[in-house]
Amino acid sequence: MSAKHTHITDVLIVGAGLAGERAAVEAAAAGLDVVILSLVPPRRSHSTAAQGGMQASLANSAMGKGDSPDVHFADTVKGSDWGCDQDVARLFVEKVPIAIRQLAYWGVPWNRVKAGKYKHPNGMELEDTKDKEGLITARNFGGTAKWRTCYTSDGTGHTVQYTMDSVVCKMGIAVHDRMEAISLIHDGVNCYGVVARCLRTGDLIVYLAKATVIASGGAGRLYGASTNAVICEGTGTAIAFDTGVVPLGNMEAVQFHPTSMPPTCILMTEGARGDGGYLLDKNEYRFMPDYEPEKKELASRDVVSRRMVQHMRKGLGVETEYGPHLWLDIRHLGRKHVWTNLREIANIAMNFLGLDPAVDLVPVRPTQHYTMGGIRTNIDGYAYGLKGLFAIGEAACWDMHGFNRLGGNSLAETCTAGMIVGEQVAKYTLGAAPAFNYRLVDDAVKKDEERIANLIAGKNGKENVYELRKAMEETLNEHVHIFRNGPSLETAVSRLQELHQRAAHLGLRSSGLGANPELAAALRLPGMIRLSLAIAYGALMRTESRGSHAREDYPKRDDVNWLKRTLAYWKAGAELPTLDYEPVKCTEMPPGDRGYGEASARNAASKEK
Amino acid sequence: MSNRQLKISVFRYNPNLPDDKPRMQEYQLEEQQGMTLFVALNKIREELDPSLMFDFVCRAAICGSCAMMINGKPRLACKTLTKDLPSEITLMPLPVFKLVGDLAVDTGTWFRDLQVRTEAWVHTDKEFDSQALEDRMDNETALAIYEPERCIECGCCVASCVTANIREDFIGAAGINRVARFMVDPRDKRSDAQYFEVVGNEDGTFGCVGLMACDDSCPIQVPLESQLAWVRRKMALAGLKL
Ligand SMILES: Cc1cc2nc3c(=O)[nH]c(=O)nc-3n(C[C@H](O)[C@H](O)[C@H](O)COP(=O)(O)OP(=O)(O)OC[C@H]3O[C@@H](n4cnc5c(N)ncnc54)[C@H](O)[C@@H]3O)c2cc1C
Ligand code: SF4
Ligand code: SF4
Ligand code: FES
């Protein structure tokens, strides 16, 4: 057997979420041939699930008055706990208003400003002015000084993805769905494309391109319990990691969202708190103001998640057979608001737990939500380590999020980075000559064929993919979660190492023929365990607390030693990632107080003394 | 109280395997509290039969991947709780769509074809000006666009539609609703006559026989009945003027 087909194109995009499609449009507009690969039809990508919105400082709504890219920049840097690249954050905040307006031009039905006085469900009296009527409005999200999150009711990701996909359709860009990239074709210097496995037939297909762009989304499913869709397994990131020359940035920076609904871990959008929702404990007491008098429920996500765990550790969570949880209370927002502006979450509570949030409390607890780390790129989206390779979106560490992403900044990143990096990809590709080494391609295909044949024959052993996978998920959930410490992280690293060794001996129980799902899982798992190791080992070595990375044994941010980004490499045959570090650019705002969170509370306390 | 034993009968057929034949296969499973078919099917795959094919992505009734015939009705499997079903459950793939294998069908290709045929994108001569403010729109219009836009392309309405089951090219309620979304959008400059070209025919609005099985089966309550009636009226009028 050899590859069933070979496709040659100018630009190959791995991922049809928002980042991938936006970049594809930019490259196609430059006259290039573009092919997009995706595990699923584009409109089923995880981006569709984003409910809340997208941050851009349009300053149209009453509570957005006075907003500007500068204010957005400061919020983003504080949110990142000074872990982000400030040049990238600056570029992003300047461009995102254009990206949002372009989406309006393409067809996104953004909610608009209605002039007049009104009472916000949170009780505030507000007035939207006549001069702004009909412009794009915004809602409140955590960690922001202004109301800046543009939205379409409860379906922002849906409408933006459908609109982007309509442009992809209109431009006739080729999308090959149910097509999974399983390895990169490269020679250690250049990237030439990917080997993919067709999820309809099981055939191997080769894609050769002058530029390859990884836009494969996050890796939340490494944790098992995650708000992410089940396809967010980080495989695009893993195939770049596997080259040994492309580093992953800050994989230890993992975001936990305060409000996911147990036991299924479906997200209750931050919009619920933005619109005035409360968090209550088992006594139905609103506890957040005690911890965060200033921002209350709307401090940044890392802070709210930690406060919730802290509160549950005091025994104030609601005990259930699947662990403790707290309550989300949006009853006071009123039935109309709940079932119009927050309809999606009302539906989820109703469908999955039979609860009506207009009258019932909804159980919530913090859960893995976002992968800040990813394929490290420069400001133009070029991946470190391989020429002709780019990365964007959640799969990338472009690094505007540092150690904590603000709600609404990720969807905004996908389209803005798609626009900016898409242009750079086009520029690069127009100047690149096709040079494919067929020997190299053959070798890459043979390697994947051999992996598949061995799994089917059980040549290396009979380890069960689902068992190992579960053990990996449990390890991360138990030891590399919201609060971390040295001994626990060491346990995680050694368990994951053992699982990695065992994963070399996977064998299928089914035939593996055709588009067999067990084979797909077995091909993914070793790479997923390597990503887990990058998270756990990076977390063990980072002896400070910053943003979402909270070490109980090193509770303070340490700017003297740790104002730097982790770069993890996976060298061939290694048992652990090799870690390297690079300085973090603080070009505009030197490290300081975030204005919320534990450090801020400490500062306030010492001032009082 | 002991948990129910579920008997789940699943359609099996992998068209890529030369010797495979369509058949029903039965799995026994103990019900758990709050169990959805997403949980049940994954349990079957992980513990009983790793070759079983089905599609889930969001598992939250948002992405439209997991529609299947559940005891004869097209529904989203991820939001179907087993406690709402009898202990004997029969799962079949959606009709109309091409079978990928077992319970997985190719709704993606079907809907892509629909987008292309109905040119489901904003048609305008205007260029985007990156320096200008966005065009104004009143919020009511934005909400009116969002209503049909909410469709998640799950295919339930298509599977339940008599016309779609016999006419391969019928665009179904989802297709007509998609066109309605652009008709209410002031940014789309197509005239009624141009829309008539797209849906004013037997594969579009005039192929619909109005029995409204579609409306009942939409898992997210897109108001198909009113959208279909609106498009039909508008196109009938446009037809008179042609
Ligand atoms: C429930 C939820 C709600 C959210 N809400 C918000 C919000 O309100 N605001 C906000 O800013 N952010 C939000 N986020 C985050 C945001 O949605 C994501 O970060 C963002 O959508 C990621 O977009 P992406 O294009 O990078 O990846 P995705 O949309 O995940 O797309 C990845 C694509 O890659 C493809 N792919 C993956 N692996 C492969 C492979 N090996 N081969 C081929 N194709 C592959 C997939 O098929 C898919 O098309 C939310 C996240 C969650 C989990
Ligand atoms: S009303 Fe029309 S679209 Fe709906 S099921 Fe009947 S024929 Fe199909
Ligand atoms: S209209 Fe409803 S049933 Fe039909 S495809 Fe859309 S979401 Fe599914
Ligand atoms: S898995 Fe997304 S709708 Fe069911």
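For A:Val364, the amide hydrogen comes within under 5 Å of the amide hydrogens of A:Leu326, A:Trp327, A:Leu328, counting only partners 5 or more places away or on other chains and with H modelled in the peptide plane. Sorting B:Trp110, A:Trp562 by the number of Cβ atoms found within 10 Å of their own Cβ, with the fewest placed first, yields A:Trp562, B:Trp110. Computed packing ranks the peptides A:41-51, A:180-190, B:131-141 as A:41-51, A:180-190, B:131-141, most packed first, by mean other Cβ atoms within 10 Å. Taken as entire DSSP H runs, the helices of chain A that both span 27 Å or more between Cα atoms along their own long axis and average -0.5 or more on the Kyte-Doolittle scale are A:86-106, A:409-430, A:438-457, A:517-541.
Across segment A:105-125, the residues whose backbone nitrogen lies under 16 Å from the label position 7 Å along the beta-carbon direction of A:Arg286 are A:120-125. If R0 is 51 Å, the Cβ-Cβ spacing of A:Ala453 and A:Ala29 corresponds to a FRET efficiency of close to 0.75. Seen from A:Arg594, the other residues with C-beta closer than 9 Å to its C-beta sum to a net charge of -1, counting Lys and Arg as +1 and Asp and Glu as -1. Give the shape of segment A:400-468 as rounded, prolate or oblate, defined through the alpha-carbon gyration tensor: a ≥ b ≥ c are the square roots of its eigenvalues, a/c under 1.5 means rounded, and otherwise the shape is prolate if a/b is larger than b/c and oblate if not. Because a/c hits 1.5 or more and a/b fails to exceed b/c, segment A:400-468 counts as oblate. Cross-link partners of A:Lys210 among lysines, defined as those whose alpha carbon lies under 16 angstrom from its own and excluding same-chain residues fewer than eight positions apart: A:Lys387, A:Lys427. Dividing the mean sequence gap of close Cα pairs (under 8 Å, 6+ apart) by how many residues chain A holds gives a relative contact order of 21 percent.
What lysines does B:Lys234 reach when the alpha-carbon gap must be under 30 Å and sequence neighbours fewer than 8 apart in one chain are set aside? Once the sequence-local lysines are set aside, what remains near B:Lys234 is A:Lys114, A:Lys170, B:Lys126, B:Lys189. For segment A:295-359, chymotrypsin sites (Phe, Trp or Tyr not before Pro) meeting the loop criterion (DSSP other than H, G, I, E, B) and having at most 16 other Cβ atoms within 10 Å: A:Tyr322. When the chymotrypsin sites (Phe, Trp or Tyr not before Pro) in segment A:218-272 are filtered for DSSP coil states and for at most 12 other beta-carbon atoms within 10 Å of their beta-carbon, no site remains.
Remark: mean inter-chain Cβ contacts per residue of B:38-47 equal 2, using a 10 Å Cβ-Cβ cutoff to other protein chain atoms.
Rg/Rh, computed from the Cα trace of the protein assembly as shown with Rh as the Kirkwood radius, has the value 0.94. Counting Lys and Arg as +1 and Asp and Glu as -1 over every other residue whose Cβ lies under 11 Å from the Cβ of A:Asn437, the net charge comes to -2.
With a Förster radius of 22 Å applied to the beta-carbon distance between B:Glu202 and B:Glu225, the computed FRET efficiency rounds to 0.60. Spatial offset of segment B:141-164 relative to segment A:107-157 amounts to 27 Å, using the alpha carbon center of each.
D by Stokes-Einstein for chain B, Kirkwood Rh over Cα pairs, 37 °C, 0.692 mPa s: 166 µm²/s. With a cut-off of 12 Å between beta carbons, the residues surrounding B:Ala238 carry a summed charge of +3, where Lys and Arg count +1 and Asp and Glu -1. Applying 1/(1 + (r/R0)^6) with r as the Cβ-Cβ distance of A:Lys4 and B:Asp113 and R0 = 25 angstrom yields a FRET efficiency of 0.60. Whole-Hz Karplus values for segment B:91-104 come out as 10, 10, x, 4, x, 6, 7, 5, 6, 8, x, 6, 9, 8 Hz, taken residue by residue from phi with 6.51 cos²θ - 1.76 cosθ + 1.60 and θ = phi - 60°; glycine and proline positions read x. Reducing segment A:343-389 and segment A:189-268 to their Cα centroids gives an inter-centroid distance of 14 Å.
Under 17 Å Cα-Cα from A:Lys556, which aspartates and glutamates qualify once same-chain neighbours fewer than 8 residues away are excluded? A:Lys556 reaches A:Asp81, A:Glu252, A:Asp302, A:Glu544, A:Asp593, A:Glu598.
Between A:Tyr581 and A:Leu567, the built amide H atoms are under 5 Å apart, and every one of these is 5 or more places off in sequence or on another chain. Entry note, segment B:5-104: relative contact order of 35 percent, from Cα contacts under 8 Å with a spacing of 6+ residues.
You can think of it this way: the chain between A:Asp131 and A:Ala432 has 103.5 nm of extra reach, that is 0.36 nm per residue less the Cα-Cα gap.
Based on the Stokes-Einstein relation at 10 °C and a viscosity of 1.306 mPa s, and on the Kirkwood radius from alpha carbon pairs, segment B:5-104 is assigned a translational diffusion coefficient of 116 µm²/s. Distance from the alpha carbon centroid of segment A:482-509 to that of segment B:169-208 works out to 54 angstrom.
A short reminder: the numbers here are calculations on the coordinates, not readings from a lab. Keep in mind that this is a model prediction, so the values were computed, not measured. With ideal geometry, Cβ positions are generated from the backbone for all residues, glycine too; neighbour counts draw on all protein chains shown.
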